Each structure stands twice: as structure tokens, then as C-alpha cells.
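Structure record follows, encoded as C-alpha cells.
The values are calculated or read from the model by the stated rules, or taken from the named source; none is laboratory data. Fair warning: this is a prediction, and the values are worked out from it, not measured in the lab. No Cβ is skipped: glycine too gets one built from the backbone with ideal geometry, and neighbour counts run over all protein chains shown.
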Amino acid sequence: MKQHTMTEQPNSSQTRDEDASREAAAWFARLLDERATESDHQSFRAWLLADSRNAEAYARMEKLWERAAFEQKPVQVSGSRRAFLKTAAGSFVVATVAGYGWLWTRRPDFSTGTGETHAIRLEDGSTIELSASSSVTVNFTSTARRIVLHTGEAYFTVAPDVRRPFVVWAGDLRATALGTAYSVSIFSERTSVAVTEHNVRVEAHGQMIDLSEGQSLDWADNRFGRVTSDETDSRLAWRERRLVFLSRSLGEIVEEINRWRDGHLIILDPILARRKVTAIIDVNDMADIDKTLEQGLPIALSSYTPYLTLVSAKKI
């Protein structure tokens with residue numbers, strides 16, 4: 001991993017904000033425990049009222065937790081109805097296809113859990129490889145083959161069928177196979193397509209780009225980024241159980257690691273989350289991932305429960 005150093009010295013206000021954030025995380029973790037007592041709740045209320053920064057820090061903690069749970073946990077086919085309704089895009093998908101409305105309210109057909117991958121062979125001979133914490137819905141008709149990627153990432157190998165286009169929907173983006181193999185991934189910051197064979201037509205908000213073999217593209221902030229020709233292999237390294245990040249934000253790296261690691265890593269500092277980092281991670285060694293991250297990146301980890309670990313800038 002690429003090592004960075006940090007030279008900023010926090011002022012007293014920053015130090016107090018950091019203290020409030022850490023205290024908020026500790027309270028959040030304590031109150032997650034079913035053994036929390038009424039005395040704990042009373043002490044928590046007193047802490048909230050003691051300083052307005054405490055309440056602000058706790059509110060941020062709740063939002064970060066909700067975001068992590070909402071975006072990173074897949075729908076399990078055997079899961080509860082409540083879990084399904086809380087999953088991103090799980091309750092409904094509305095899209096416009098060839099001029100008519102398309103509404104699905106059923107749960108995803110296939111999904112993977114934390115650290116799991118799964119290969120699916122479809123009725124037309126196409127295959128889907130699901131990355132960790134990912135889910136898709138499949139809808140084949142006599143005139144079209146449609147896939148909705150709800151969460152995570154999937155790699156598609158498409159069987160030819162000129163009568164039925166193969167289209168993957170991922171949020172606002174749709175990627176149509178032109179006789180091809182390609183991946184589509186969803187992150188909180190972007191949606192991406194990477195092509196390994198032939199061509200893919202990518203469309204979003206009236207914009208359209210055709211990608212060729214070896215090219216990849218990001219959709220973020222309602223616009224396409226530049227087409228790259230040197231990142232496809234690194235973006236698909238998860239198929240070989242490696243995660244490769246080339247100058248990606250720490251926030252995105254943590255988001256992806258959360259798909260492979262039990263519990264949630266959460267970054268409280270948005271500036272730290274935006275820091276660009278290069279990293280290569282072996283997902284077969286996730287038991288020691290926290291130690292590996294601290295050794296290779298400019299971060300420190302503070303675990304409060306098996307489910308919650310805060311990521312902060314490493315002190316120098």
C-alpha cells in the first residue's frame with residue numbers, strides 16, 4: 001500500500017470536535033447493546049445536553065450508520081420483509097424503457113452476503129458473477145433481457161440474442177451489451193462500467209457513450225467522467241479475490257472493504273474520506289485487515305463493538 005503522512009496540527013476547536021465524535025461513537029455503540037440500562041440512557045441524555053457539539057456529533061454518527069447500513073448491506077433471499085424494505089432500491093425500481101413505465105416491487109432474485117461471491121447461469125446461457133454484498137433482479141421477456149443491480153457489483157458474460165437486448169440498470173445508469181462481457185458497480189460516490197469484451201453502450205440522463213474492450217467509465221454528479229483504458233483489470237480484481245484501488249478516495253475504499261469485512265468501518269471526517277489513496281488488499285486475509293490498513297494507510301482505527309469501527313487520521 002502507498003504510505004502517506006499527515007502534517008496538519010489540529011487546533012483546540014478541532015480537538016474538541018474530535019473528542020465529541022469519539023464520545024458519540026462510544027455512546028452509539030453502548031446503546032446498540034441490548035443490555036443498555038435505563039441508567040445508561042439517563043447518562044446519555046445528560047451527555048447530549050452538556051454541549052451542543054455532543055448532540056451534533058451524535059446526529060452525524062446516526063446518519064453515518066444509517067448510510068452504511070442502507071448502502072452496504074445486501075438483501076438476502078431468505079431475509080425478513082423489514083430488512084428487504086430497508087435495502088437500497090429493494091422496495092421498488094421505476095425506470096423508463098422504450099417509452100413505457102417499468103415497475104418492480106419484488107425482492108432481488110440473487111444476492112450475496114459479506115465476503116461472499118456467487119456465479120449464476122441464466123436461462124439464455126448468460127452468466128452473472130456477483131461480488132460481495134451485491135444483489136440483482138432478473139427480468140427476461142420475449143423482447144428484452146433486463147437486469148437491475150440493486151447493490152454492489154456484478155460481472156456479466158452475455159449470450160448473443162439479437163432479438164432481445166441485454167440491459168443492466170444501476171440507479172440512473174443503464175448499460176446495454178453489444179455482444180460482450182462487462183461489469184457494473186454501484187458506490188455511494190459513483191456508478192461504474194468496465195468492459196472486457198466487445199462493446200457496451202452506457203446511457204444516463206440523455207447522455208450516451210459507447211465503450212470498447214478494455215475501457216471503463218464512471219458516472220458521478222450527473223455526468224460521465226473520462227473514459228480510461230488502464231483500469232479495467234484493477235477494477236475487476238475482486239474476481240481473483242483482490243481489491244485494487246488506484247488513486248481512489250479513502251471513503252470509497254472503506255465502502256468496498258465493508259462489503260468483505262464483518263461490521264462497519266465508518267469515517268467521521270469528510271476531508272479524510274476524500275483523500276486519494278492507492279491500495280491492494282487480499283480479501284482472503286480479512287481477519288487481519290484492520291491491522292493491514294493501519295500499517296499501510298495514514299489512518300487509525302478505534303473499535304467500539306464488533307459492528308462499529310471508526311476511521312480517523314493517524315496522529316503524527
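Quick notes on this one:
Residue by residue, here is whether (1) at pLDDT 95 or above; (2) among the charged types (D, E, K, R); (3) closer than 29 Å to Asn284 by Cα holds:
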{"residue": "Ser188", "(1), (2), (3)": "no, no, yes"}
{"residue": "Gln215", "(1), (2), (3)": "yes, no, yes"}
{"residue": "Glu231", "(1), (2), (3)": "no, yes, yes"}
{"residue": "Arg242", "(1), (2), (3)": "no, yes, yes"}
{"residue": "Ser247", "(1), (2), (3)": "no, no, yes"}
{"residue": "Glu256", "(1), (2), (3)": "no, yes, yes"}
{"residue": "Gly263", "(1), (2), (3)": "no, no, yes"}
{"residue": "Ile267", "(1), (2), (3)": "no, no, yes"}
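- Of the residues making up the range 134-169, those that are β-branched (Val, Ile, Thr), buried (at least 24 other Cβ atoms within 10 Å of the Cβ) and outside any loop (DSSP other than H, G, I, E, B) number 4.
- Applying the criterion of being within 20 Å of Glu213 (Cα to Cα) and touching a Phe, Trp or Tyr at 6+ places or on another chain (Cβ under 8 Å) to the residues of the range 228-258, the residue that is surrounded by the most Cβ atoms within 10 Å (Cβ to Cβ) is Leu236.
- Residues being assigned to a loop (DSSP other than H, G, I, E, B) and either buried (at least 19 other Cβ atoms within 10 Å of the Cβ) or touching a Leu at 6+ places or on another chain (Cβ under 6 Å) (or both) - total across the range 107-116: 3
- Test: residue in the range 171-185 that is of a type in the set (A, V, I, L, M, F, W, C) and either without any contact (Cβ under 8 Å) to a residue 12 or more places away in the chain or outside the structural domain of Thr137 (by TED's automatic domain parsing) (or both): no
- Enumeration of residues in the range 121-133 that are among the hydroxyl-bearing types (Ser, Thr, Tyr), outside any strand (DSSP E or B) and at pLDDT 95 or above: Ser126, Ser131
- Set side by side, the residues Thr143, Thr151 differ, and just one is polar (S, T, N, Q) and within 24 Å of the chain's Cα centre (by Cα), which is Thr151.
- The range 19-51, residues that are modelled with pLDDT of 80 or more, within 25 Å of Ile267 (Cβ to Cβ) and not aliphatic (A, V, I, L, M): Glu23, Trp27, Phe44, Trp47, Asp51
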